[in-house]
Each structure stands twice: as C-alpha cells, then as structure tokens.
2 protein chains.
Amino acid sequence: MKIGELSKSTGTNIETIRYYERIGLLPAPDRTAANYRSYGNDHRERLAFVRHSRELGFTIQEIRSLLDLSDHPERDCVEADRIATSHLVQIVAKIAQLETLRDELSGLVGRCRGGAAADCRVIEALGNHAMCNTRH
Amino acid sequence: MKIGELSKSTGTNIETIRYYERIGLLPAPDRTAANYRSYGNDHRERLAFVRHSRELGFTIQEIRSLLDLSDHPERDCVEADRIATSHLVQIVAKIAQLETLRDELSGLVGRCRGGAAADCRVIEALGNHAMCNTRH
DNA sequence: ATGCACCCTGTAGCAACTACAGGGTCAAGA
DNA sequence: TCTTGACCCTGTAGTTGCTACAGGGTGCAT
C-alpha cells in the first residue's frame, strides 16, 4: 500500500510517517518504480504499535526500547514492565501537579465582572505569589 | 542589580532571562559601562509575574496578553478572566485525559515477572488497541 | 599579573511533530 | 492527446520554552 493509504488506515499524518522513518522508528519500505513508498502489513502493525504507545504518552525513546523488545521475543520482558511502570509513575505525578494548578486557578477565575484591570484579582494574584494557597 | 542577582532572587535561569528579553516579554534593561544588564525592582516584579504565570501553566502568548492588561490598568479586565478560565478548562481536560491513561497503564503494569518478551502482556497490549478498556 | 567569577553575543540543540516549496507521477475525462 | 487533479517525492524551516555551549570581555582579589 502507498503512504496515503497507510496514513488513513492508521490515522497518522503522512508527514509523521516519513518523520518516523527518518528517525529510524519505522524501517524504510520498498519503493515502486516511481520511487513511491510501498508498505506491507508488518509496517502497518509496527506503526499501530508506535501510535498506540504515543497515545499512551510514551516517548519516542521509550518506544524504541519497547519495539526492540518486541523484535526480540526471546528476551526478558522485565524491561517492558519497568518502562511502563516508570511512565505510570510520571503520569500520576503529572496529574497531582495539574490538580494543584486547577485548584489554584479555580480560586482566581470568575472574579472579574468587567471592572478595570487595576482592580483585577487575576492580575494581582499573578504578580503576588504570596496569595497562593498551595505550593507550586 | 546584575543578571546573576536577578536570576538568584527570582529562581530563574540566566539564559531564560535573556531569552525573555529576546522575545520581548521583558523590557531591555539599561546597561553599565561594561555593557552588563542593570535591573531595577520593576524588572524583578515583572519577571516574578512571568515566572508565576508559567508555573501556573500559562503559555508565553497568554502571559503577553496578561502583561499587556497589567500595563494598562484602565482597561477592562474581562479578558484576563477569559484567559484564566480557558486555561482552567484546558487543565481540567488534560487531567481527565491523563486519568484515562493512568487507568489504562495500571491494567498493563506489573504483569511481567521475567518471562520472555514473546509472552509479554505489555508489548502485546501496545500492539493491539482492541485490548484497551477505554478510548484514547 | 594572574586567576576566577561573572558578564556578553550568537548559534545550535531538545521533543515530536507540522508545514511548506518546488518538483515528479499517474489515471481519468474532454 | 492534452490537461486536470490527486497523489507522491526531498529537503528545509517552523513550532514551544527553554537550555547549552563556544568564544570572548570585565572586574576584583591575591
């Protein structure tokens, strides 16, 4: 299949597919006589793996390691679990951080009803860290 | 004060301060005879405003608008509230998204106890979107 | 006079794409 | 046959918000 079809069937931007090839995340496919990329089912599966991992927030580096494991089924899979676990820890931390931001912003928002910026609580609070309830 | 002192007193990287000046977020300060940047209290306050806003996750563009309002106290502050509110909405959405990821990853992690990668549930699940419980 | 901490400019790198510019290919319709 | 339009190619530059040099100047203490 040509790149446009691969793009549609995986929901991946064409430029992104070429980008993945350039950085060595996807293998370079065969070319047609007209120098068009020609993909097979294995390419589609690999790309689906990459996209799914990206959707789950894994970095390209992490995906490289995961693909490497996937390419060597005889290896120990402890590493895959380690990557996923450490990624999960980061996500949990990020959620906690965003919840702090959310609470801080909630206290700021909805206080301005068209007054002058001089009396704006939002602007005041941004300039004055001491007004914060939480640490960030 | 020189840039090093401003850096320490606001907890901002020196390179970051110069970067903010370059992109026009901070005004260019006076220079000493030796061409060193020389900052006053107004610079420190403006930088604190910027840093605080960044900590709360506002983008540089949003901060530009907020600073602009802060520089024109006679203006209507509805815009500041709009920026903060829309930012809050994005944070809430991001939290929801990360919670989905967290739940999905939780179901993946901790299943590998040193088996071969061929039987790895993590790798299998990454390759097979249909195994997911949630949409992403 | 020499070492060291500090400052300067300018450029390049990071992640993970995205967006062109400027060109080639191919099949269908007039 | 010619042309139109959809598709493909490479290569480069832009995005965000910094960070990290390289290669040099300044200022003060020993």
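The values are calculated or read from the model by the stated rules, or taken from the named source; none is laboratory data. None of these values were measured; they are calculated from a predicted model. Please note: Cβ atoms are built from the backbone with ideal geometry, for glycine as well, and neighbour counts cover all protein chains shown.
General remarks:
- Qualifying residue in segment B:98-114 (condition: at pLDDT below 95 and over 30 Å from A:ALA96 (Cβ atoms)): yes
- Unmet requirement for A:SER7, which otherwise passes all of (1) assigned to a helix (DSSP H, G or I); (2) surrounded by 16 or more Cβ atoms within 10 Å (Cβ to Cβ); (3) more than 8 Å from DNA strand D (Cβ to nearest atom): (3)
- Single condition B:GLY107 does not satisfy, out of (1) in contact (Cβ under 8 Å) with a residue 12 or more places away in the chain; (2) touching a strand residue (DSSP E or B) at 6+ places or on another chain (Cβ under 8 Å); (3) not aliphatic (A, V, I, L, M): (2)
- Within segment B:1-28, being of a type in the set (Val, Ile, Thr) and within 7 Å of DNA strand C (Cβ to nearest atom) holds for B:ILE3, B:ILE14.
- Among the residues listed as A:GLN97, A:GLN90, the single one being more than 16 Å from DNA strand D (Cβ to nearest atom), out of contact with any strand residue (DSSP E or B) (no Cβ under 9 Å at 6 or more places or on another chain) and not β-branched (Val, Ile, Thr): A:GLN90
- Criterion: crowded, with 17+ Cβ neighbours inside 10 Å, away from DNA strand D (no atom under 12 Å from the Cβ) and at the interface with another protein chain (Cβ under 9 Å from one of its Cβ atoms) - qualifying residue of B:GLU104, B:GLU74, B:GLU45: B:GLU104
- Every residue from segment B:107-136 that is more than 7 Å from chain A (Cβ to nearest Cβ) and assigned to a helix (DSSP H, G or I): B:ASP119, B:ARG121, B:GLU124, B:ALA125, B:ALA130, B:MET131
- Flag for B:ARG54 being more than 12 Å from DNA strand C (Cβ to nearest atom), under 18 Å from the mean Cα position of the chain (by Cα) and among the charged types (D, E, K, R): yes
- Selection status of B:GLY11, on the phi > 0 side of the Ramachandran plot and in contact with a helix residue (DSSP H, G or I) (Cβ under 6 Å, 6 or more places away or on another chain): no
- Counted residues, segment B:69-86 - those being farther than 22 Å from A:SER106 by Cα and part of a helix (DSSP H, G or I): 1
- Qualifying residue in segment A:53-64 (condition: part of a helix (DSSP H, G or I), buried (at least 16 other Cβ atoms within 10 Å of the Cβ) and touching a strand residue (DSSP E or B) at 6+ places or on another chain (Cβ under 9 Å)): no
- Selection within segment A:20-42 - within 20 Å of the chain's Cα centre (by Cα) and either over 24 Å from B:ILE123 (Cβ atoms) or surrounded by 14 or more Cβ atoms within 10 Å (Cβ to Cβ) (or both): A:TYR20, A:GLU21, A:ARG22, A:LEU25, A:LEU26
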